[in-house]
């Protein structure tokens with residue numbers, strides 16, 4: 001069955017992936033109906049075998065719904081990512097404009113006022129986005145801090161930290177005695193969950209701050 005999505009739902013489907021590899025594994029292609037992205041409907045077939053028939057065409061069932069090839073999933077994600085880097089607090093309409101431009105010209109839309117040397121927003125704009133809880137990329141990201149650990153678990157915590165930060169256990173022990181301690185920043189969901197689980201297992205207190213991909217979304221959380 002073909003599930004048609006609007007643009008917001010399509011962006012959420014991409015944001016639900018952990019990283020670029022997950023995008024590749026999750027979607028075979030992006031098909032869309034005609035018209036501007038804000039009015040179009042999108043289909044995200046799970047693999048290329050579903051996305052195309054034996055002749056390499058969009059399946060007849062999809063064509064009957066007005067769907068045609070739009071972009072490869074990796075390219076679709078790149079368009080979102082470039083727009084996000086240039087304007088971290090981009091609106092849904094901003095992403096629609098970026099997609100329209102790329103689809104028409106096979107080139108990324110350049111946003112006025114960005115740091116031309118870096119191809120990204122100014123440090124001030126990035127700081128404002130972070131304050132609003134919006135991360136740097138189009139996937140959820142997490143900052144982890146170690147806030148507390150029982151005295152009898154300090155050695156275990158130091159061993160975990162030594163492996164995580166690749167430092168001697170003695171140095172890690174000193175850090176664990178001077179909390180709070182940053183365990184990681186801008187971590188993807190899989191990595192952040194693994195680190196949290198490691199420290200949860202020894203009874204340590206870990207603070208998680210989730211950063212959302214798009215400003216209209218709720219803040220992401222770990223288990």
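For (1) farther than 30 Å from residue 79 by Cβ; (2) buried (at least 16 other Cβ atoms within 10 Å of the Cβ); (3) out of contact with any helix residue (DSSP H, G or I) (no Cβ under 6 Å at 6 or more places or on another chain); (4) without any contact (Cβ under 8 Å) to a residue 40 or more places away in the chain, each residue gets a yes or a no:
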site	(1), (2), (3), (4)
140	no, yes, no, no
180	yes, no, yes, yes
189	no, yes, yes, no
207	yes, no, yes, no
210	no, yes, yes, no
218	no, no, yes, yes
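Could you figure out which of (1) touching a residue at least 60 places away in the same chain (Cβ under 8 Å); (2) part of a loop (DSSP other than H, G, I, E, B); (3) within 23 Å of the chain's Cα centre (by Cα) isn't true of residue 76?
Among (1) touching a residue at least 60 places away in the same chain (Cβ under 8 Å); (2) part of a loop (DSSP other than H, G, I, E, B); (3) within 23 Å of the chain's Cα centre (by Cα), residue 76 violates only (2).
Return yes when residue 113 is surrounded by 15 or more Cβ atoms within 10 Å (Cβ to Cβ), without any contact (Cβ under 8 Å) to a residue 60 or more places away in the chain, not in a helix (DSSP H, G or I) and not assigned by TED's automatic domain parsing to the domain that holds residue 19 and no when it is not.
Taking the combined requirement at face value, the residue does not satisfy it.
Test each condition in (1) buried (at least 21 other Cβ atoms within 10 Å of the Cβ); (2) closer than 30 Å to residue 174 by Cβ for residue 95 and report the one that comes out false.
(2)
Please work out if residue 178 is part of a loop (DSSP other than H, G, I, E, B), more than 22 Å from the chain's Cα centre (by Cα) and either outside the structural domain of residue 78 (by TED's automatic domain parsing) or at pLDDT 95 or above (or both).
Working: part of a loop (DSSP other than H, G, I, E, B): yes; more than 22 Å from the chain's Cα centre (by Cα): yes; either outside the structural domain of residue 78 (by TED's automatic domain parsing) or at pLDDT 95 or above (or both): yes.
It is true that residue 178 is part of a loop (DSSP other than H, G, I, E, B), more than 22 Å from the chain's Cα centre (by Cα) and either outside the structural domain of residue 78 (by TED's automatic domain parsing) or at pLDDT 95 or above (or both).
Can you spot a residue in segment 25-37 that is within 20 Å of residue 212 (Cβ to Cβ) and either out of contact with any strand residue (DSSP E or B) (no Cβ under 8 Å at 6 or more places or on another chain) or surrounded by fewer than 18 Cβ atoms within 10 Å (Cβ to Cβ) (or both)?
Yes, that holds for at least one residue.
The values are calculated or read from the model by the stated rules, or taken from the named source; none is laboratory data. Quick caveat, the model's predicted, so the values are computed rather than measured. Heads up, the Cβs are rebuilt from the backbone with ideal geometry, glycines too, and the neighbour counts pull from every protein chain shown.
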